[in-house]
1. Grab the helices (runs of 4 or more DSSP H) fully contained in the range 257-330, keeping just those with 2 or more residues being at pLDDT below 90.
2. Suppose we keep only residues that are modelled with pLDDT of 70 or more and part of a loop (DSSP other than H, G, I, E, B) within the range 191-216. Which one would you say is nearest to the chain's Cα centre (by Cα)?
3. Could you pull out the residue among ALA112, ALA86 that is of a type outside the set (Phe, Trp, Tyr) and more than 18 Å from TYR320 (Cβ to Cβ)?
4. Could you please tell me which pairs satisfy a Cβ distance under 8 Å, a separation of 6+ or placement on different chains, a first residue in the range 1-13 that is within 18 Å of ALA185 (Cα to Cα), and a second residue that is of a type outside the set (Asp, Glu) and assigned to a helix (DSSP H, G or I)?
5. If we scan the range 94-103, do we find a residue that is within 16 Å of the chain's Cα centre (by Cα), part of a helix (DSSP H, G or I) and within 30 Å of PHE165 (Cα to Cα)?
6. Kindly indicate whether ALA137 is closer than 24 Å to ASN242 by Cβ, at pLDDT 90 or above, assigned to a strand (DSSP E or B) and not charged (D, E, K, R).
7. Here are ASP39, ASP69, ASP31, ASP50: which of them is more than 30 Å from LEU257 (Cβ to Cβ), in contact (Cβ under 8 Å) with a residue 12 or more places away in the chain and acidic (Asp, Glu)?
Amino acid sequence: MGEPEFWNNSEKAQATVAELKGINSILKPLDEALGTSADLEALEELAREDGSLEADLATEADRLEKLVDHLELTSLLSGPHDSCDALVSIHARDGGTDANDWAEMLLRMYSAWASKHDYTVELLDRQDDTVAGIQSATVAIKGPSAYGYLKGEMGMHRLVRISPFNAEGKRQTSFAAVDVAPEIADDDSEVEIRDEDIREDVFRASGAGGQHVNKTSSAIRLTHFPTGIVVQCQSERSQHKNRATAIKMLRARIARLQEEKREAEQLARYKLQPKTGFGSQIRNYFLHPDQRVKDQRTGHYVGSFQSVLDGNLDGFFDAYLRWKASGSAPTADDD
């Protein structure tokens, strides 16, 4: 990075900077834990002679325990693509307008989590609903091990609340599907996309308006015949840019599919879990009759709905990584 020509290739330079951030996210906590361990050992010697230092000793021991716990969690991010950036797609499912609104709430939730961790969020595609919320959206979340943390979010998210769109004030259950894939570099030989395997459709961007919508035929939809994967992008006015982004999204989806095939245990869980509909959710979010959020796989529970929507998701991510490593069975469903 100190070389004069480092920034001549901006894309390559940014990839190197991202790699450095990923390395530092492991090495810096490790250095801190080793330093704290040495300090704790010295403090223990002093505390044997001076009893007033016992409180400080306990504080430092607790700090070291948290550092080691974090390092242990980081070691669980060992998948082939866990260090990659993440492409997160959100789709409204059952629930009408409430589901569209719920999908947009989830989009804000993941964006808030990314902001708390100084990750960047780039909007790749967004389909607004005519009444409220979104039909679907895809964002790229860039930061150390973004995919490793977010991959456990893939599945159905269920919201139960008093509907703001129902004049009678009835309780409404709505669903939104979240899909997460790793962002793969163009030169990654593991994912090969042949032109003859793709059908490209060009269409006019649509939606409720805004900068991400235009009136020319610049939107791109790609269909990958071998896998049946379909992706689309209309966030840019340029057809060329939209195609480049769609290829990136397709590459990510194929990489994730290959990862699923390699991980037999994970694939088996997906086979047992339907992708859509009541009873298939990975997490329940309740605003009525009381506020709570519970993950159906790990049992992790938070009593504040708003805290979770504000992006405080680390507890769910940690619990998922530990649950996956332990090979535990899913917990019982909530009502």
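1. Passing ranges, in order: 264-272, 314-326.
2. Step by step, filter the range 191-216, then rank; the result is VAL191.
3. Going through ALA112, ALA86 in turn, the sole match is ALA112.
4. These pairs meet every condition: ALA13/PHE6; ALA13/TRP7.
5. Taking every residue of the range 94-103 in turn, at least one turns out to be within 16 Å of the chain's Cα centre (by Cα), part of a helix (DSSP H, G or I) and within 30 Å of PHE165 (Cα to Cα).
6. yes
7. ASP39
Rundown of residues vs (1) part of a loop (DSSP other than H, G, I, E, B); (2) in contact with a Cys (Cβ under 6 Å, 6 or more places away or on another chain); (3) modelled with pLDDT of 90 or more; (4) within 16 Å of ASP94 (Cβ to Cβ), yes/no style:
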{"site": "GLN127", "(1), (2), (3), (4)": "no, no, no, no"}
{"site": "ILE141", "(1), (2), (3), (4)": "no, no, yes, no"}
{"site": "LEU159", "(1), (2), (3), (4)": "no, no, yes, yes"}
{"site": "PRO164", "(1), (2), (3), (4)": "yes, no, no, no"}
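The values are calculated or read from the model by the stated rules, or taken from the named source; none is laboratory data. Predicted, not measured: the structure shown is a model, and the values here were computed from it. All Cβ positions, even for glycine, are placed from backbone atoms using ideal geometry, and neighbour counts span all protein chains on display.
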